[in-house]
Amino acid sequence: MKKAVLFCTCCGTISATLPPDRLRDALGARLLSAYGKEGPQPACEEFYACSMLCRREESEAALNSVLASGAEAVLAAGCSLSARGFETMKFLGGSTLAEWADIREACAWIHEDAPDGALRKAADILCMGLAALERRAAVAEKPPPCDFPTGEVLVIGGGPAGLACAGALGKMGVRAVLAERRAALGGMLTQLGLLFPRFISGPELAEELIRDVKHIGVQVLPKTTVSGVQPVPGGYRAVLNGKNGEEERRFDAVVLAAGALPVLPRGLYRYGELTGVLSQLELETSLGRVESGQKEALALPRQAVFLQCVAARDENNPYCSAVCCPTSLKNAIRLRSLRPDGSVTVVHRNIATPGKHLEALYRRATASGVLLRSHDPAVTPECLGTERVEGLRFRDALNGEDTVLPADAVVCSTPLKPLPDTLKLAGSLGLRTDGMGFACAREPVQPVSPSGAGIFICGAARWPATVEHCLEQGRAAAAKAAAYMRGIGSCSGDSRCLPVVPQTFWELMPDSACRLPSAEVNGEKCSRCGRCAAVCPYGACFLPEDAGMRVDARKCARCGSCAAVCPTGAASLPGETVAVLRARIKEALSR
Amino acid sequence: MPDTKQAVLVVGAGVAGMQAALDLANFGRRVHLVEQDSHLGGQTLRLDKVYPTDHCAFCPVWTHAFACREHPRITVLTGTRFKGLRRGPEGDIALLEKAARLIDGDKCVFCGKCMEVCPRKALLGRAPDLPWDPAQPPVPWLDAGRCDACGKCGPACPAGAIDAARQTETFEIAVGDCIFAGGFQEPRPAPAPEFGGHTHPDILTAMAFETLIAEYNAVPGEKLRCPSDGRPVENLAFIQCAGARDRRFLSHCSAVCCMHAAKQASWLKRRQPDLDIAVFYTDLRTPGKGQEAYMKTAEKLGVRFVRRRPGLAAPVDGPSGKGIALRHEINARVATTLADIVVLNGGLACCPCPEEAAEAGAHPCGFCSEPADIANSVIQAGSAAALICGRQTGKDASSPAYRGSGGRP
């Protein structure tokens, strides 16, 4: 194959150290000494110097003239890729094989004082580039295998996050299937009378979201549990247990929005033993009844104490559940307005109301007469009384004194905890979970996208979240899923001319025309040992029963793990393959 | 068709703005990403590390910035200010102002000749307060305070990229939608005057302290020194909610500062275990993913978390010692503690969405709409992008090609 070198003098800043004619001679001498006159050398027929290759006109003119001379591949030498190189590669990449060599930052500029050594080094760099070019041309180009997409996204969980996600997907024109384990949609929303910080009704919001989802044509599967989701080539296979019995269905993408449930304060603070020790949801229900006129306000407690961080931020549940403080403040405000004759105290460790809206809720609570006391977690508070609760004893964190607050109700504010089923589902999807059982994505910049392609998480299955955050996360996951669905329709592209960039970059642009092809397995060399499937972090390697290993192009993130463990050298990455790297290194050592 | 006629304007290219732009563009919308700075990345670029992973901020931000610049449907407009949005007869019109730049980034080849000829060394390889050059492709950074417009750089430039006579340009573009992601700023003067922010070199804001202790500035084995006189630091105090959760100044909670203090304190403790670090807080807020565990680690490393808000911070230099004196009132008694460096944390002001833009239908997201850390900003951005994409296409407008298998052979 005929190759040409395009040498950029960079307005003289490169050629001051590396004059073009001397470099051409050095390169020729280097090639001659390494390969002799005969051997299979990475020959270079054309050496073309120009002064500003990064200008489109100049690079196109240079490219045209070397192509006219019959060259099929081009090695461009100039500044570093992070300076103008990447831009220039795009001009050069259109019609031919191209490779970039940095001889400005990496050679001419740092070796100004030793021009002879700089010349030798530049010749080495150019030879390595030519070798890589030769090898790269030998890599056969194949379009990535792409299975027929189903065009459907499975959203697991019909709570606020799942509803927001399915609704947003529908509005973006993506077919969504919403699986909810209960008969009714809405999740926790149906149990929350009023929502902070705007004091709108939970069931009404749920109705609105459900109306949206149904109007937009989302297929809703009530009373359906998802017992497992397996990655299969081209997508995911989910096992759904619904009214038609067990059913297997294929999806292109999966959104996990399975939510979480509040822990019941069983066995704590004499809950269940004393009347008046309540869970937050029990109080929420009676507040709702009073507000709707089903019950007298007098039935509500007169001296209520909210106890925060019950069964949270301890050894069993070592996390702050984010929603309990605002929920308590909200219910404290409601209680104050329904029973102005009573008193409400919130006994807390730290009131966690970050941001603008929640902090405003905090101020509103204190303004409406809610008292806040901080307690010392070293001494466990105690509910006092026989049969009925009469008070709460705790150690005040500010003055260190033991205090007894009279109370006819102690409301235990407990954290949200993921369902055991969620953990199983996350496991079958290959999602990482933290020690508490919440699903993990890539914090902090990709909080709803775990590393697997086509899997997204949102809502309280990710981490306890307020309803507003659940809605936001649901929509954010929908945006990613919609982009992914759009991307898998057009994932092929010519990658030969693009330099190696971090794989996360390609993930950020799922449908970009310059997406690199996936890893591939040479069926003849494959011994079916299965090591690549075991090591692939993205679930992209599959071992069919009757054939060699297969790679799912949609899920492959080009991490190279398969190529690294493959004992027979069957797995490889097109583009910057092991073979290309080896060619570079061999060339560098050949002199 | 997801490709609607008009582009979306995204104002601000911090993590939120970049994420919104990418989500919109990946869905098929054309995007104009407007940033007043010369580079993408926003405030995150000034962070040395991010919690809760303790990874450096550079890689994820760089990847996002790279993807924005390379995306075929995103037009990046750096050095451009958003001046307003108004309703036009056929959609919204955004008014933008491109600042006059000495060096045209499109022409510059970064050969360094202008830096060589500048007699006052006003042209540098990068801005001094950033560890690397975030502009891509790189362009020499102009220290406007030093430049005396002698004009020597112009003729020296082989690419003809320098033009001192360039004027600020104002132009309009038609946009279909607008996302506003203005982020936050540290107000000047500092919001709570009793803490002496910006009055003494040893009283620092959290972002300034981040630069001081950043990994790239640290010499291994070297102790942290006071910016004022270079003496080694023994005591360090963080004052949380300085100016925030305070009706006189900013009534909101800035949401990121508790974890920010824990991050800075714990990594200083790792580097220099003998340092005494106290964090004076009002409420320690760790509701986000992995945050409680992160805070516990900081406690284990020996960072002292003290529930107290000092009333006054003032420099002293007397028989009792030198440093910044913090005055507390504890159960009606006044106590004073001395610290070598005081970090004022909190008090991050949201850059609000201009009113007329909000009225014209701009979607605010990120810190400017609700104080948020990186994760929550990114989520808000994705949500805003989904709302815009959903509203534009609608169920009926979507093409069969987009709606899954129908369009595929």
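Per-structure values
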| read-out | value |
| --- | --- |
| Wholly enclosed helices (runs of 4 or more DSSP H) of the stretch A:480-591 bearing at least 3 residues modelled with pLDDT under 85 and closer than 23 Å to A:GLY85 by Cα | A:503-508, A:578-588 |
| Leading residue by the ranking (nearest to the chain's Cα centre (by Cα)) among those in the stretch A:51-75 that are within 12 Å of chain B (Cβ to nearest Cβ) and not in a helix (DSSP H, G or I) | A:CYS54 |
| Test: B:GLN19 is under 15 Å from the mean Cα position of the chain (by Cα), farther than 21 Å from B:ASP129 by Cβ and either touching a residue at least 24 places away in the same chain (Cβ under 8 Å) or outside any strand (DSSP E or B) (or both) | yes |
| Residue check, A:ALA312 surrounded by fewer than 24 Cβ atoms within 10 Å (Cβ to Cβ), among the small types (Gly, Ala, Ser), within 11 Å of chain B (Cβ to nearest Cβ) and closer than 19 Å to A:THR466 by Cα | yes |
| Entirely in the stretch A:267-375, the strands (runs of 3 or more DSSP E) that have 1 or more residues that are assigned by TED's automatic domain parsing to the domain that holds A:GLY385 and touching an Asp or Glu at 6+ places or on another chain (Cβ under 8 Å) | A:303-307, A:371-374 |
| Residue tally, condition closer than 30 Å to B:ALA293 by Cα, more than 11 Å from every other protein chain (Cβ to nearest Cβ) and modelled with pLDDT of 95 or more, over the stretch B:17-56 | 1 |
| Selection from the stretch B:259-281 of residues that are farther than 18 Å from B:THR336 by Cα, without any contact (Cβ under 8 Å) to a residue 60 or more places away in the chain and either within 13 Å of chain A (Cβ to nearest Cβ) or outside any helix (DSSP H, G or I) (or both) | B:GLN272, B:PRO273, B:ASP274, B:LEU275 |
| Scope the stretch B:157-182; condition of a type outside the set (A, V, I, L, M) and in a strand (DSSP E or B); matching residues | B:GLU169, B:THR170, B:PHE171, B:GLU172, B:ASP177, B:CYS178, B:PHE180 |
| Residue within the stretch B:358-380 that is surrounded by fewer than 22 Cβ atoms within 10 Å (Cβ to Cβ), part of a helix (DSSP H, G or I) and either at pLDDT 95 or above or more than 7 Å from every other protein chain (Cβ to nearest Cβ) (or both) present | yes |
| Filtered residues of the stretch B:381-395 (kept if facing another protein chain (nearest Cβ under 7 Å) and modelled with pLDDT under 75) | B:THR393, B:GLY394, B:LYS395 |
| Conditions (1) within 8 Å of chain A (Cβ to nearest Cβ); (2) of a type in the set (D, E, K, R); (3) within 22 Å of B:LEU338 (Cα to Cα): number failed by B:LYS296 | (3) |
| The lone exception for B:LEU9 - which of (1) buried (at least 21 other Cβ atoms within 10 Å of the Cβ); (2) among the aliphatic types (A, V, I, L, M); (3) within 14 Å of chain A (Cβ to nearest Cβ); (4) touching a Gly at 6+ places or on another chain (Cβ under 9 Å) it fails | (3) |
| Selection from the stretch A:347-361 of residues that are free of Cβ contacts under 8 Å to residues at least 60 places away in the same chain and more than 8 Å from chain B (Cβ to nearest Cβ) | A:VAL347, A:HIS348, A:ARG349 |
| Of all residues making up the stretch B:154-187, the number that are farther than 30 Å from B:SER377 by Cβ and within 14 Å of chain A (Cβ to nearest Cβ) | 8 |
| Leading residue by the ranking (farthest from the other protein chains (Cβ to nearest Cβ)) among those in the stretch B:109-125 that are out of contact with any Cys (no Cβ under 8 Å at 6 or more places or on another chain) and within 22 Å of A:THR88 (Cα to Cα) | B:GLY125 |
| Residue under evaluation B:ALA237, criteria (1) outside any strand (DSSP E or B); (2) more than 20 Å from the chain's Cα centre (by Cα), criterion not met | (1) |
| So A:VAL213, is it out of contact with any strand residue (DSSP E or B) (no Cβ under 9 Å at 6 or more places or on another chain) and either part of a helix (DSSP H, G or I) or hydroxyl-bearing (Ser, Thr, Tyr) (or both) | no |
| Out of B:THR170, B:THR211, B:THR205, sole residue that is touching a residue at least 60 places away in the same chain (Cβ under 8 Å) and surrounded by fewer than 13 Cβ atoms within 10 Å (Cβ to Cβ) | B:THR170 |
| Conditions (1) surrounded by 15 or more Cβ atoms within 10 Å (Cβ to Cβ); (2) on the phi < 0 side of the Ramachandran plot; number of the one not met by B:ALA144 | (1) |
| Top-ranked residue in the stretch B:113-128 [being assigned to a loop (DSSP other than H, G, I, E, B) and touching a residue at least 24 places away in the same chain (Cβ under 8 Å); ranked as nearest to the chain's Cα centre (by Cα)] | B:ALA122 |
| Options B:GLY406, B:GLY347: the member that is in a helix (DSSP H, G or I), at pLDDT below 90 and either within 9 Å of chain A (Cβ to nearest Cβ) or in contact with a Ser or Thr (Cβ under 7 Å, 6 or more places away or on another chain) (or both) | B:GLY406 |
| Cβ pairs under 6 Å, 6+ apart, first in the stretch B:65-91 and surrounded by 14 or more Cβ atoms within 10 Å (Cβ to Cβ), second hydroxyl-bearing (Ser, Thr, Tyr) | B:THR78/B:SER38; B:GLY79/B:SER38 |
| Test set (1) more than 10 Å from every other protein chain (Cβ to nearest Cβ); (2) part of a loop (DSSP other than H, G, I, E, B); (3) free of Cβ contacts under 8 Å to residues at least 24 places away in the same chain - A:ARG395 fails condition number | (2) |
| Selection within the stretch B:240-250 - assigned to a loop (DSSP other than H, G, I, E, B) and either touching a strand residue (DSSP E or B) at 6+ places or on another chain (Cβ under 8 Å) or closer than 16 Å to B:VAL279 by Cβ (or both) | B:GLN240, B:CYS241, B:ALA242, B:GLY243, B:ARG245 |
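Table: residues versus (1) closer than 18 Å to A:GLY193 by Cα; (2) surrounded by fewer than 24 Cβ atoms within 10 Å (Cβ to Cβ); (3) within 11 Å of another protein chain (Cβ to nearest Cβ).
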position: A:VAL323; (1), (2), (3): yes, no, yes
position: A:SER337; (1), (2), (3): yes, yes, no
position: A:THR345; (1), (2), (3): no, yes, no
position: A:THR366; (1), (2), (3): no, yes, no
position: A:ARG373; (1), (2), (3): no, yes, no
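The values are calculated or read from the model by the stated rules, or taken from the named source; none is laboratory data. Remember, it's a predicted structure, so these values are computed and weren't measured experimentally. No Cβ is skipped: glycine too gets one built from the backbone with ideal geometry, and neighbour counts run over all protein chains shown.
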